[in-house]
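Peer 1: Supplied in structure tokens, the structure appears directly below.
The values are calculated or read from the model by the stated rules, or taken from the named source; none is laboratory data. The structure presented is a predicted model; accordingly, all values stated were derived computationally and were not measured. Neighbour counts run over all protein chains shown; Cβ positions are idealised from the backbone, glycine included.
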Amino acid sequence: MYLPDHGVTLEPLRPDHADAVLAFELENREYFAKWIWDRGDEYFADFPTRHAAQLAEQEADICRFHVLVDGDGAVVGRVNLIDLVDGQAELGYRIAEKWAGRGLATAAVRAIIQLAPSYGLTSLRAGASDRNPASQAVLTRVGFRQVGVSSTDLGPGKKYVLEDL
């Protein structure tokens, strides 16, 4: 799905995305660690195995992984639907630091909301750390409502839901 305001395409994760996804994760690792838990060195050391495992989960309809790809073929974001069960899934997303603050996260989440019914989904759950108010704003902006609070290693956060997709 092309996002014209940003010149990027939202694509389902494929085997040939591996190198670009790894480059994206490595380039933005320190930035992401400010907002969400760090993936750890093992994630990067064994990336080909992890990428293959994600593709297998996608093939089994357990998860739906997506990448945001720019005109040069670089991955500039990820938007994932995790644990698809009984019409529900957990939404997760991360956008490259150099694309932050441009509305790409909002556009990408809106695009996933449009795709979600085609995956048999009727509701989405999400969470965002209080250390990441921009992510909380994205969720609110696209129609999620806060349904609770959470606590993680990163501190307090909020839980959200979007129903009736």
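Peer 1: Being surrounded by 20 or more Cβ atoms within 10 Å (Cβ to Cβ), at pLDDT 95 or above and in contact with a strand residue (DSSP E or B) (Cβ under 6 Å, 6 or more places away or on another chain): is that true of Leu84 here?
Peer 2: Working: surrounded by 20 or more Cβ atoms within 10 Å (Cβ to Cβ): yes; at pLDDT 95 or above: yes; in contact with a strand residue (DSSP E or B) (Cβ under 6 Å, 6 or more places away or on another chain): no.
Answer is no for this residue.
Peer 1: So Leu55 ticks every box in (1) free of Cβ contacts under 8 Å to residues at least 24 places away in the same chain; (2) more than 30 Å from Ser151 (Cβ to Cβ) but one. Which box is left unticked?
Peer 2: Leu55 satisfies every listed condition except (1).
This table checks each residue for (1) more than 16 Å from Thr140 (Cα to Cα); (2) touching a residue at least 24 places away in the same chain (Cβ under 8 Å); (3) assigned to a helix (DSSP H, G or I); (4) among the aromatic types (Phe, Trp, Tyr).
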site	(1), (2), (3), (4)
Val67	yes, yes, no, no
Val79	yes, yes, no, no
Glu90	no, yes, no, no
Ile112	no, yes, yes, no
Pro117	yes, yes, yes, no
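Peer 1: List the number of the failed condition for Pro117; all other conditions in (1) modelled with pLDDT of 95 or more; (2) surrounded by fewer than 17 Cβ atoms within 10 Å (Cβ to Cβ); (3) within 23 Å of Val21 (Cβ to Cβ) hold.
Peer 2: (3)
Peer 1: Quick check on the stretch 36-67: of everything there that is at pLDDT below 95, hydrophobic (A, V, I, L, M, F, W, C) and surrounded by 15 or more Cβ atoms within 10 Å (Cβ to Cβ), which residue is nearest to Ala128 (Cα to Cα)?
Peer 2: Ile36
Peer 1: Against the definition (in contact (Cβ under 8 Å) with a residue 12 or more places away in the chain, under 26 Å from Ser151 (Cβ atoms) and over 16 Å from the mean Cα position of the chain (by Cα)), how does Tyr43 come out, yes or no?
Peer 2: On the way: in contact (Cβ under 8 Å) with a residue 12 or more places away in the chain: yes; under 26 Å from Ser151 (Cβ atoms): yes; over 16 Å from the mean Cα position of the chain (by Cα): yes.
For Tyr43, the condition - in contact (Cβ under 8 Å) with a residue 12 or more places away in the chain, under 26 Å from Ser151 (Cβ atoms) and over 16 Å from the mean Cα position of the chain (by Cα) - is met.
Peer 1: Among Gly101, Gly77, which is buried (at least 19 other Cβ atoms within 10 Å of the Cβ) and of a type in the set (Gly, Ala, Ser)? Reasoning before the result, please.
Peer 2: Working: Gly101 fails: buried (at least 19 other Cβ atoms within 10 Å of the Cβ).
Of the residues listed, the single one that is buried (at least 19 other Cβ atoms within 10 Å of the Cβ) and of a type in the set (Gly, Ala, Ser) is Gly77.
Peer 1: For the stretch 1-53, how many residues are of a type in the set (Val, Ile, Thr), assigned to a helix (DSSP H, G or I) and under 11 Å from Val75 (Cβ atoms)?
Peer 2: Here is the first cut: in the stretch 1-53, the ones of a type in the set (Val, Ile, Thr) are 8-9, 21, 36, 49.
Cutting the leftovers down to assigned to a helix (DSSP H, G or I) gives us 21, 49.
From what is left, the residues that are under 11 Å from Val75 (Cβ atoms) are 21.
Residues meeting the conditions: 1.
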